[in-house]
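One structure, pasted below without further comment.
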Amino acid sequence: MANRSELGRKGNQPDLLAGLIFIFIGALGLWAGRDLRMGNAAMMGPGYLPLIVSGLILLIGLAVTVMGLTRSSEPIGVFRLRPLLIILVAVAGFAYAAGSLGFVIATAWLIGVGSLADPETRLREIAASIVVLTVFGILVFIVGLGVQMQLGPF
Amino acid sequence: MELFDSLILGFSTAVTPTNLLFCLIGALLGTLIGVLPGIGPTATLAILLPITFFLPPLAALIMLAGIFYGAQYGGSTTAILVNLPGEASSVVTALDGYQMAKQGRAGAALAIAALGSFFAGTVSTIGLAVAGPTLASFALDFGPAEYFSLTVFGLLCATILASGSVIKAIGMILIGLLLGWVGTDVNSGSERLTFGAVELFDGIEFVVIAVGLFGIAEIIVNLESPESRGLIATKITRLWPTRDDFRKAWPAVLRGTGLGTFLGILPGGGATLSAFSAYTLEKKVSRTPQEFGRGAIQGVAGPEAANNAGAQSSFIPLLTLGIPSNAVMAMLLGAMTIHGITPGPSVMQNQPDLFWGLIASMWIGNLMLLVINLPMIGLWVKLLTIPYRLLYPAILLFCCVGVYSVSNRAFDVALAVGFGFLGYLFRKAKCEPGPLLLGFVLGPLLETNLRRAMLISQGSPSVFIERPISLALLIASAALFVLLLVPAIRKTREEAFVEEES
């Protein structure tokens with residue numbers, strides 16, 4: 001990830017990452033709520049608490065970042081891109097396919113692509129997983145529980 | 001005897017065929033995920049939450065509760081036999097349990113763990129039945145000011161008893177609160193923090209956040225590290241403990257039950273904290289502390305009783321006050337909300353069959369676990385040989401279909417991808433996602449009550465100090481906060497969690 005090169009090997013890296021996430025979310029909250037009316041304590045507007053809390057998150061983010069710079073150094077551990085990207089892409093593909101292409105294609109994509117995240121998976125296992133889980137899914141989710149999703153693209 | 005009548009009502013509701021069936025399914029599923037490492041009760045509840053929408057409310061709650069306490073049983077089985085704690089709460093069980101197994105006393109350890117858990121479950125179920133109505137009638141008089149203070153107190157407790165950095169946990173709670181406010185503001189009708197997305201006008205679905213942070217993120221993290229599997233130490237020959245084992249174990253079970261019941265009630269407490277505290281306690285009171293770590297039966301009996309007692313009694317704040325004390329209870333609150341039930345003191349008055357039925361089912365479930373588990377231990381251990389690479393695609397499918405089915409739209413699945421990524425980053429940053437979930441479910445409650453209280457007092461914060469219960473809760477919160485700043489206490493707290501992290 002980008003953070004690794006920026007932060008170098010100094011500092012408490014989990015804390016620094018946490019600080020960055022908090023700062024980002026706090027700032028995002030302040031930006032998203034910039035047009036909301038604050039109101040006052042007796043008649044709180046829609047923006048009253050969200051803006052206060054966003055500000056607090058931002059402050060905590062700064063505090064955690066400072067803590068991360070001063071505390072004993074601790075590595076962040078490995079980031080493995082393979083499982084991260086493959087799982088996210090598999091689920092995102094399911095989301096896309098569920099809307100238009102139907103359950104069978106969405107599931108086949110999810111299982112087929114998702115299985116690649118584990119390097120030990122064999123092709124025959126993937127094929128078997130796709131068949132078994134698609135049939136299971138149709139029977140349990142679509143027929144049994146009545147989840148509202150079409151089976152195929154038509 | 002009002003309690004007696006209520007319990008009869010509870011048992012008559014719990015023994016209907018449907019409810020018994022879902023109690024059994026819950027207990028079996030719980031044991032299964034307890035045995036399997038890499039999938040915990042929080043993630044399982046998140047994944048199965050949408051499916052419970054298709055069940056009657058009581059059956060849904062019975063099944064979800066069964067998964068939770070069933071996981072405590074299952075986790076200890078693998079902790080003892082293969083030195084592989086299936087759940088965080090059984091980490092300490094492995095310390096002495098596995099040593100006992102290596103000495104050929106696996107049967108005794110398993111039997112004591114199961115019997116101790118059953119005893120603890122029974123006691124804390126009675127505790128819930130006794131304490132529940134009292135607390136609930138007390139809470140019926142709560143106004144907005146009391147509820148606000150109670151929520152603040154609950155959230156703050158959760159950060160202190162949770163493992164890891166306190167300031168990060170507070171940050172996570174605040175992020176949860178913020179996420180809980182996404183959508184249409186009930187007072188003014190204006191859209192908040194939606195970035196213009198129509199799909200977010202009704203707010204973010206609980207299931208989306210739960211599945212993203214706990215389901216998807218957990219799968220990714222599990223796939224990062226290679227599988228580790230222990231080897232089964234010995235064959236189980238003699239299941240029944242010796243008389244000497246019983247003599248040593250029963251005081252430990254009693255102490256564990258008491259400690260677990262108490263710690264489970266506290267916000268942020270629950271099974272894991274109870275087990276760790278019980279182990280420390282047993283080591284302290286033992287006359288032969290050097291035996292611990294070398295197969296002391298007290299080291300199995302105490303924590304096992306405590307984690308089950310803690311698991312049961314953590315239902316108390318949820319069912320009586322409507323305040324979940326940990327992430328699992330937040331899931332159950334989510335399940336109740338899906339069925340249109342608002343947890344809190346009114347549940348016991350308006351739907352006594354639901355409250356008492358759930359309590360009775362917990363005792364029945366514990367009995368089922370005892371009967372199912374001891375003879376089936378061999379089968380559960382065989383399940384350990386299923387590789388994770390065959391399991392996780394099925395878990396993924398449950399995640400995706402579950403999220404989709406909540407409102408039948410693909411947008412939620414896409415949103416879950418985002419939360420999955422966020423959950424992954426949180427784990428890398430050593431931020432516990434549990435407090436975020438608590439903040440999320442309590443956010444709307446906190447805001448509504450704060451607004452009401454301040455509206456009544458015309459903007460004067462003195463309303464929180466003038467009402468005695470509210471004042472007491474705020475003083476308690478402030479005291480907790482100050483305690484955290486005292487270095488000595490901070491150090492003890494950090495030490496208490498060291499074993500857990502290692």
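The values are calculated or read from the model by the stated rules, or taken from the named source; none is laboratory data. Just so it is clear, the model here is predicted, and its values are computed rather than measured. Note that each Cβ is placed from the backbone with ideal geometry, even for glycine, and that neighbours are counted across all protein chains shown. Accessible surface areas use protein heavy atoms only, side chains included; no ligands, DNA or RNA. Shrake-Rupley method; radii C 1.70, N 1.55, O 1.52, S 1.80 Å.
Can you tell me the dipole magnitude for chain A around its Cα centre, using point charges on the Cβ only (Lys, Arg +1; Asp, Glu -1), in Debye to the nearest 20?
Here the size comes out at about 220 debye.
Hey, another quick one. Keeping to pairs on different chains or 8 or more places apart, tell me how many lysine pairs in the protein assembly as shown have Cα atoms under 21 Å apart.
Summing the qualifying lysine pairs gives 16.
Another question, if that's okay. What is the helix-to-structure angle for B:2-14, meaning the angle in degrees between its Cα long axis and the longest Cα principal axis of chain B, kept from 0 to 90 and rounded to the nearest 10?
For B:2-14 against chain B, the angle is about 80 degrees.
Can you put B:LYS430, B:LYS168, B:LYS283 in order of accessible area, largest first, using a 1.4 Å probe?
B:LYS430, B:LYS283, B:LYS168
How many Å² of accessible surface get buried when A and B come together, counting both sides, probe radius 1.4 Å, rounded to the nearest 100?
Rounded to the nearest hundred, the buried surface is 5500 Å².
To the nearest 20 debye, what is the magnitude of the charge dipole of the protein assembly as shown about its Cα centre, counting +1 on the Cβ of each Lys and Arg and -1 on the Cβ of each Asp and Glu?
Roughly 1440 debye for the protein assembly as shown.
With a probe of 1.4 Å, find how much accessible area region A:33-154 has per residue, and write the answer as a whole number in Å².
About 51 Å² of surface per residue is accessible.
What percent of all Cα-Cα pairs in region B:151-206 falls into each 10 Å bin, going from 0 up to the bin containing the maximum distance?
The percentages, shortest bin first, are 23, 38, 26, 13.
How high is the relative contact order of chain B, in percent, with contacts defined as C-alpha pairs under 8 Å that are six or more residues apart?
28
Here's another thing I want to ask about it. A:GLU74 accessible area, nearest 10 Å², 1.4 Å probe?
The value for A:GLU74 is about 50 Å².
Hey, what did region A:75-133 get for relative contact order, percent, Cα under 8 Å, at least 6 apart?
After rounding, I find 34 percent.
Can I ask one more? Take A:TYR96, B:TYR147 and sort them by solvent-accessible surface of the protein heavy atoms, 1.4 Å probe, largest at the top.
A:TYR96, B:TYR147
Please check which bits of region B:106-140 a label hung off B:GLU2 would reach, taking the label as a point 7 Å along Cα-to-C-beta and the cut-off as backbone N under 13 Å.
Under cut-off, by backbone N: B:130-140.
Along the positive direction of the dipole of region B:375-456 (beta-carbon charges: Lys, Arg +1; Asp, Glu -1; about the Cα centre), which of B:MET454, B:GLY420, B:ILE386 reaches farthest?
The residue sitting most towards the positive pole is B:ILE386.
Roughly how much of B:LEU135 is accessible, in Å² to the nearest 10, using a 1.4 Å probe?
Roughly 50 Å² of B:LEU135 is accessible to a 1.4 Å probe.
Tell me the mean residue ellipticity at 222 nm calculated for the protein assembly as shown from its helices only (DSSP H runs of n ≥ 4, each -39500 (n - 2.57), averaged over every residue, nearest 500).
Counting only the DSSP helices, I get -23500 deg cm²/dmol.
Kindly give Rg over Rh for region A:1-117, based on alpha-carbon atoms, with the Kirkwood expression for the hydrodynamic radius.
1.16
Right, something else. Please pull out the direction-averaged projected area of region A:89-154, using the convex hull of its alpha-carbon atoms, in nm² to one decimal place.
For the Cα atoms of region A:89-154, the hull's average projected area reads 4.3 nm².
Which value does Rg/Rh take for region B:101-161 over its C-alpha atoms, Rh per Kirkwood?
Result: Rg/Rh = 1.28.
Separate question: What angle, in degrees between 0 and 90 and rounded to the nearest 10, separates the Cα long axis of helix B:434-456 from the longest principal axis of the Cα atoms of chain B?
The helix B:434-456 is inclined about 30 degrees to chain B.
If you average 1/r across every pair of different Cα atoms in region B:1-65 and take the reciprocal, what Kirkwood value do you get, in Å?
Here the Kirkwood hydrodynamic radius works out to 12.9 Å.
Given R₀ = 56 Å, what would the calculated FRET efficiency be for B:ILE469 paired with A:LEU116, taking r from the Cβ atoms and rounding to 0.05?
Rounded to the nearest 0.05, the efficiency is 0.50.
By how many degrees, 0 to 90 and rounded to 10, does the Cα axis of helix B:57-82 deviate from the longest principal axis of chain B?
40
Sequence gap at least 6, Cα distance under 8 Å: using those rules, report the relative contact order of region A:9-154 to the nearest whole percent.
Once normalised by length, the contact order is 23 percent.
Describe numerically, in nm with one decimal, the distance between label points set 7 Å from Cα along Cα→Cβ at A:TRP31 and at B:GLN351.
4.2
Here is a further query. Applying the Karplus parametrisation 6.51 cos²θ - 1.76 cosθ + 1.60 with θ = phi - 60° to the phi angles of region B:388-401, what ³J(HN,Hα) value in whole Hz is obtained for each residue in order, glycine and proline being reported as x?
4, 5, 8, 7, 5, x, 5, 5, 4, 4, 4, 4, 5, 5
Out of residues 5 or more away from A:GLY39 or on other chains, whose amide H comes under 5 Å of its own, with H placed 1.01 Å from N in the peptide plane?
Those qualifying (amide H under 5 Å, at least 5 residues apart or on another chain) are A:GLY45.
Report the convex hull volume per residue for the protein assembly as shown, counting only C-alpha atoms, in Å³.
159
After finding the eigenvalues of the alpha carbon gyration tensor for region B:279-333, what semi-axes result from the square roots of 5 times each, listed largest first in whole Å?
Equivalent-ellipsoid dimensions as semi-axes: 33, 10, 8 Å.
Let me check I have the definition right: for chain B, take the eigenvalues of the Cα gyration tensor, multiply each by 5, take square roots. What are those semi-axes in whole Å, largest first?
35, 26, 23
Using only Cα atoms, locate the centre of region A:59-77 and the centre of region B:42-61, then give the distance between them in Å, rounded to an integer.
38
Can you find, among B:LEU55, B:PRO251, B:LEU474, the residue farthest towards the positive end of the dipole of the protein assembly as shown? Put +1 on the C-beta of Lys and Arg, -1 on that of Asp and Glu.
Of the options given, the answer is B:PRO251.
State the percentage of accessible surface on chain A attributable to carbon and sulfur atoms; use a 1.4 Å probe and exclude ligands, DNA and RNA.
70
Shifting gears a bit: To the nearest Å, what is the center-to-center distance of region A:112-154 and region B:291-310, using C-alpha atoms only?
42
Right, another one. Ordering A:ASP15, A:ASP35, B:ASP5, B:ASP353 by how much accessible area each has at a 1.4 Å probe, largest first, what is the list?
In descending accessible area the options line up as A:ASP35, B:ASP5, B:ASP353, A:ASP15.
Now for a separate question. Quote the accessible area belonging to B:ASP141 in square angstrom, nearest 10, computed with a 1.4 Å probe and with ligands, DNA and RNA left uncounted.
Taking all protein chains as shown, B:ASP141 has close to 120 Å².
Still on this structure, I have one more. Can you give me the orientation-averaged projected area of the convex hull built on the Cα atoms of region B:313-415, in nm²?
One quarter of the hull surface, i.e. the mean projection, equals 9.1 nm².
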